[in-house]
Amino acid sequence: MSLTPQSGSFCASQQSCRTGLDESFTSFDMSSSAGSGESLQEADSTIISQKEDYVKNYRMVMTPAEKLTLCERRAQSFADSEEYDACIQELVRCLALSRLLYGNGHFAVAQAQSRLAKAYLQYKGWAHQAQEHASQAHEVLCSSQQEDRVSYLNCYISVHQTLGSAALLLGNLAEAESSFQKAEIIMGDIVAQEAMGKEERVDTEYEILTNLARVYQCQGRAEQALSQCERALELLQEGGQLSRICFVYRNMAAIEQAQGHLDRSIEHLLQAHSIALCQSPGGLEGAHIAHSLALAYSSTSEPHHNDSAAHFFKESISAYTSAQGPQDPLTLSAQDDYCHFLLLTGQQERSAQIQKESLALKKSTFGELSAEVAEALQLIGGVEMTQGQMRHAHRTLKKCLNIQSMLYGPQHKNTKATQRSVDMLSQSPEVCGRHKKESCLETRPPFCAVVSSPSEVKSSISNS
C-alpha cells in the first residue's frame, strides 16, 4: 500500500485547509486593542497563540513526502553548520519516513541507511552504529531493484567505504580490506560509465587508496602500503591538491620509519616539507612536518644529524607559536621533545631553563595537578640533582611527587621512582643538615622564656 500523496480531492481539501488557516490568522480584529495597555497585551498573546496553532496545523497537513524533503534539507543545513547531533536526528527521521513511504525493501531506504551510517562514522566516530546501518543498507541493495544503475553504484560504494572504515576502527583488518577492495572494483565500474565528475572521482579514489594503505600498514605489509601511497600520489597530480600530497608523503615516512628505514623516511618528510612551505610558509602543516623531521633526525645515531634536528625543532616551535600560541598543547609538546633532545646532547641547563619558562603556561593550560606539570618538574629536578643543587632538587621533586601521588597513586612506577629520588636526596648532607636546623628551631624554647621581661630585670637590680 503506497502512501505517496494523491492528486484531486485530497489536494483540494488540503489547499482549502491552508487558505482557511491563513484567513483566520489575518482576520483577527485589532479594534479592541486600542482601549488600554492590558488590551494590547491580550491582543499580542492572542496573535502568538494563533501563530502557534497555525504552524502546528500546517505541519499536520504536510504529507510524508513533504516531510521527507524537509528533513533532508534540514539534515544538509545542520551538516553545513557543523551541528552534527541535530543532523543525525534529521537523518533518523529521513530513514523512518522512507520506510513509511516506500517500505523496508526499497532502494530509497538503502540510501537513507547509507547516509545515516556515514554520518555516525564521520561526525561521531561510532563504528558499531555505522556498521549496523551500513550492513542493513547492503542487505536492501542486494534485494532491491536497480531503478537507476548510477545511483545504485554510488550508494553501493558509499556502503562499502563505511563498512571498511568501521571495520578498521574496530580492528577487523581482513573485513576492512575486503570492503575497500570491493569499493575499488565498484569505482572502476563507475569510471567506465563516466558517471562521476572528475573532482568527485579523485576524492573517492583517494579515500579508497589511503584507507587500503592504512589497512596494509596495520597488517605489517609495508610494500603494499607504500604501493597504495604511490598510486594516491599519481592520482593527486591531476588535481594538484598539495595538502593531500603532504599527507601521503607523511604516511609514507611513517611506514618507512616503522621498518627502520630512517633515511627514506627523512626523504619523504623533506619532500612534504618543501611542498608545505611553498603552499603556506609558517603554517600549521609545515609545523607538523618540521616537528616530524626533528624527531626523525634526533632518532638517528649519527652526530652530524644533531644540527638538522635542532634546526627543525626550533622551526616547528616557532611555527606552532605563531599559528597556535605559546600556551597551545602542540607548542608545549614540541618544546618537551626539544628539551629531551637537549638532554641527550648534553645541554642540560638549556633544557631545564626552557622547562622553567614553560611551567606557568603548562599550569594554565593543563592545570596545576597534571601529568605535563609533573613531567616538567621531574626534568627540572633531575637537572638540578646532576648539577649538585641537592636542596633545590629535593624541593622540586617533592612537588613532582605530590602531583604524581594524586594522579597515579603511591604504587605507580613513576611515583615510586620519584619517591626513591626524594628519599636519596633526603639523606644528602645539604638537605639533611637543613632539616636538622629546622628541627632545632622547632624544639628551641620561645624567646620570652629565655629573656627576662623589663620588670623582672628592674626588680633584680633593686634587690641587689
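Every number in this text was worked out from the coordinates using simple rules, so none of it is lab data. Keep in mind that what you see is a predicted model, and the values were worked out from it rather than measured. Glycine also receives a Cβ, built like all others from the backbone with ideal geometry; neighbour counts cover every protein chain displayed.
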TODO: In whole Hz, with x marking every Gly and Pro, tabulate ³J(HN,Hα) for the stretch 192-202 from phi via Karplus 6.51 cos²θ - 1.76 cosθ + 1.60, θ = phi - 60°.
DONE: 4, 8, 6, 9, 9, x, 4, 5, 5, 5, 4
Task: ³J(HN,Hα), Karplus 6.51/-1.76/1.60, whole Hz, each residue of the stretch 411-426, x for Gly, Pro - done: 8, 5, 4, 5, 5, 5, 5, 5, 4, 5, 5, 5, 5, 5, 5, 5
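Compare the peptides 150-156, 175-181 by average per-residue count of other Cβ atoms within 10 angstrom and give them in order, highest first. The partial results should precede the final answer.
On the way: 150-156: 18.4, 175-181: 20.7.
Ranking the peptides 150-156, 175-181 by packing returns 175-181, 150-156.
Output the pairs from LYS362/LYS398; LYS362/LYS413; LYS118/LYS182 with a Cα-Cα distance over 21 Å in this structure; if there are none, say none. Walk me through the numbers before you get to the answer.
Numbers: LYS362/LYS398 18 Å; LYS362/LYS413 23 Å; LYS118/LYS182 17 Å.
The answer is LYS362/LYS413.
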TODO: Give the calculated FRET efficiency between ASP328 and ASN104 to the nearest 0.05, with a Förster radius of 45 Å applied to their Cβ-Cβ distance.
DONE: 0.35
- [ ] Grab every C-alpha pair in the stretch 96-219, bin the distances at 10 angstrom width from 0 up to the longest one, and report whole percents.
- [x] 14, 43, 34, 8, 0
TODO: Using a cut-off of 15 Å between beta-carbons, work out the net charge of the residues near GLN327 (Lys and Arg +1, Asp and Glu -1, GLN327 not included).
DONE: -3
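So what's the convex hull volume per residue for the Cα atoms of the stretch 176-293, in Å³?
Details: hull volume 11.5 nm³, N = 118.
Roughly 97 Å³ of hull volume per residue.
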- [ ] Figure the gain on full extension for ASP307 and ALA222 (residue separation times 0.36 nm, minus the Cα-Cα span) and round it to one decimal in nm.
- [x] 27.6 nm
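Summing Lys, Arg as +1 and Asp, Glu as -1, what charge do residues with Cβ under 12 Å from the Cβ of ALA393 carry, ALA393 excluded?
Numbers: positive: ARG391, ARG395, LYS398, LYS399; negative: GLU384, GLU430.
Net local charge, ALA393 excluded: +2.
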Task: Full-stretch length increase - ALA195, GLU66 - with 0.36 nm per residue and alpha-carbon distance subtracted - done: 43.6 nm
Task: Under the Karplus curve 6.51 cos²θ - 1.76 cosθ + 1.60, θ = phi - 60°, whole-Hz ³J(HN,Hα) for the stretch 89-105, x wherever Gly or Pro sits - done: 4, 5, 5, 5, 5, 4, 5, 5, 5, 5, 5, 5, 6, 10, x, 5, x
